[in-house]
Amino acid sequence: MAVVELKVGMHCDRCIKAIKKAIKKIEDIETYKLDTTLNKITVTGNVTAEEVFRVLHKIGKNPSQWNDD
């Protein structure tokens, strides 16, 4: 199982809903968590960062890799 952590802007309820909807469409995800304070998305399951990047790009988001520093 993989853990994908990305940084992406989540500024309003509409974009948060769009992000959740997009992530739910990814096959083989186990869990996902959105942290709106940190603008961090964590997705776990049989998933790659590329898959998550792709669905977020489709809805007009521009994610980047999460760095802990």
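Restricting attention to the range 19-30, which residues are part of a helix (DSSP H, G or I), more than 21 Å from residue 67 (Cα to Cα) and among the hydrophobic types (A, V, I, L, M, F, W, C)? Selection gives 22 alone.
Yes/no per residue for (1) open to solvent by 40 Å² or more (accessible area, probe 1.4 Å); (2) not in a helix (DSSP H, G or I):
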site	(1), (2)
4	no, yes
10	no, yes
17	yes, no
32	yes, yes
37	yes, yes
43	no, yes
68	yes, yes
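Listed here are the residues, each with its yes/no results for (1) in contact (Cβ under 8 Å) with a residue 60 or more places away in the chain; (2) basic (Lys, Arg).
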residue	(1), (2)
6	yes, no
9	no, no
18	no, no
25	no, yes
35	no, no
53	no, no
60	no, no
64	no, no
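Within the range 51-63, does at least one residue satisfy the condition of being at negative phi, open to solvent by less than 70 Å² (accessible area, probe 1.4 Å) and among the aromatic types (Phe, Trp, Tyr)? Yes, there is a match, as at least one residue in the range 51-63 is at negative phi, open to solvent by less than 70 Å² (accessible area, probe 1.4 Å) and among the aromatic types (Phe, Trp, Tyr).
The values are calculated or read from the model by the stated rules, or taken from the named source; none is laboratory data. Just so it is clear, the model here is predicted, and its values are computed rather than measured. All Cβ positions, even for glycine, are placed from backbone atoms using ideal geometry, and neighbour counts span all protein chains on display. To get the accessible areas, we keep the full protein, side chains included, count just its heavy atoms, and leave off ligands, DNA and RNA. Shrake-Rupley method; radii C 1.70, N 1.55, O 1.52, S 1.80 Å.
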